[in-house]
Amino acid sequence: DAGVTQSPTHLIKTRGQQVTLRCSPKSGHDTVSWYQQALGQGPQFIFQYYEEEERQRGNFPDRFSGHQFPNYSSELNVNALLLGDSALYLCASSWAKGPYGYTFGSGTRLTVV
Amino acid sequence: RKEVEQDPGPFNVPEGATVAFNCTYSNSASQSFFWYRQDCRKEPKLLMSVYSSGNEDGRFTAQLNRASQYISLLIRDSKLSDSATYLCVVTGVLNSGYALNFGKGTSLLVTP
């Protein structure tokens with residue numbers, strides 16, 4: 001049973017560019033959440049997708065957007081990259097019905113230069 | 001003020017020691033509580049849920065005090081393999097979602 005799969009694992013981008021990160025949830029999960037983890041910090045909630053719609057959003061600017069597909073996979077898009085966007089981006093899948101059973105992917109490490 | 005605050009750490013302890021981590025949360029409407037463990041450059045993994053009655057899993061004991069909005073984790077007989085960052089996590093119900101709200105984490109290093 002595959003867990004959460006994220007791609008790519010590492011990425012280097014230049015300031016001002018755009019990036020798309022991808023996530024395939026664990027089998028049986030219907031909800032995908034994205035988190036940003038800067039060095040030395042805990043993960044910060046970006047947004048959550050359920051039934052192909054953004055259900056919750058954290059305190060992140062509109063440069064961060066996402067999408068969920070009918071097969072429950074998800075993308076995170078970041079426009080106009082800033083140096084401060086350099087971080088580990090974590091995807092977590094779960095069931096819609098509660099906070100239990102969250103499974104995290106191993107993350108995408110984004111470096112903005 | 002951050003919603004979830006933890007001891008800054010790092011904690012350096014010898015093998016066999018007992019170590020306690022504390023966490024406070026600001027939103028009294030928070031509903032679910034967890035401790036996650038994160039190894040260096042890896043993803044967070046659930047260590048244990050935390051209940052008001054307190055719960056134990058082997059060497060690990062978690063406590064929740066809703067009145068004080070305080071969560072704790074006790075590790076007894078520390079092992080080298082316990083070295084990791086421990087993240088306090090709180091959730092609420094916002095717009096029918098259950099986003100995890102993480103603390104900054106407390107680093108533990110267990111030494112021989």
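The values are calculated or read from the model by the stated rules, or taken from the named source; none is laboratory data. Just so it is clear, the model here is predicted, and its values are computed rather than measured. Neighbour counts run over all protein chains shown; Cβ positions are idealised from the backbone, glycine included.
Some notes on this structure:
- When residue A:75 is tested against (1) over 30 Å from residue B:107 (Cβ atoms); (2) surrounded by fewer than 16 Cβ atoms within 10 Å (Cβ to Cβ); (3) touching a Cys at 6+ places or on another chain (Cβ under 9 Å), only condition (2) is not met.
Residues are listed down the side, and each one gets a yes or a no for (1) among the β-branched types (Val, Ile, Thr); (2) in contact with a Gly (Cβ under 8 Å, 6 or more places away or on another chain); (3) surrounded by 12 or more Cβ atoms within 10 Å (Cβ to Cβ):
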{"residue": "B:32", "(1), (2), (3)": "no, yes, yes"}
{"residue": "B:69", "(1), (2), (3)": "no, no, yes"}
{"residue": "B:74", "(1), (2), (3)": "no, no, yes"}
{"residue": "B:79", "(1), (2), (3)": "no, no, no"}
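- The strands (runs of 3 or more DSSP E) found entirely in segment B:45-112 that carry 1 or more residues being touching a strand residue (DSSP E or B) at 6+ places or on another chain (Cβ under 7 Å) and either among the β-branched types (Val, Ile, Thr) or away from chain A (no Cβ under 14 Å) (or both) are B:55-57, B:60-65, B:70-75, B:84-91, B:106-111.
- Single match in A:56, A:17 (criterion: polar (S, T, N, Q) and either out of contact with any Gly (no Cβ under 6 Å at 6 or more places or on another chain) or buried (at least 20 other Cβ atoms within 10 Å of the Cβ) (or both)): A:17
- Within segment B:13-33, being closer than 13 Å to residue B:65 by Cα and within 14 Å of the chain's Cα centre (by Cα) holds for B:22, B:23, B:24, B:25, B:32, B:33.
- Flag for residue A:33 being facing chain B (nearest Cβ under 10 Å) and touching a Ser or Thr at 6+ places or on another chain (Cβ under 8 Å): yes
- Residues of segment A:1-50 satisfying the condition of being touching a residue at least 40 places away in the same chain (Cβ under 8 Å) and charged (D, E, K, R): A:13, A:15, A:22, A:26, A:30
- Condition met for residue B:27 (of a type outside the set (D, E, K, R) and over 28 Å from residue A:48 (Cα atoms)): no
- Considered as a group, the residues in segment A:78-99 that are under 16 Å from residue A:49 (Cα atoms) and surrounded by fewer than 19 Cβ atoms within 10 Å (Cβ to Cβ) include one that is modelled with the highest pLDDT, and that residue is A:95.
- Listed by position, the strands (runs of 3 or more DSSP E) enclosed by chain A that each have at least 2 residues that are touching an Asp or Glu at 6+ places or on another chain (Cβ under 6 Å) are A:19-24, A:64-68.
- Odd one out for residue A:38, checked against (1) more than 11 Å from chain B (Cβ to nearest Cβ); (2) small (Gly, Ala, Ser); (3) surrounded by fewer than 18 Cβ atoms within 10 Å (Cβ to Cβ); (4) within 22 Å of residue A:12 (Cβ to Cβ): (1)
- Some residue of segment A:6-22 being within 13 Å of chain B (Cβ to nearest Cβ), under 30 Å from residue B:107 (Cβ atoms), among the hydroxyl-bearing types (Ser, Thr, Tyr) and in contact with a Leu (Cβ under 8 Å, 6 or more places away or on another chain): no
- Residues located in segment B:1-22, provided they are in contact with a Ser or Thr (Cβ under 7 Å, 6 or more places away or on another chain), within 11 Å of another protein chain (Cβ to nearest Cβ) and not in a loop (DSSP other than H, G, I, E, B): B:5, B:6
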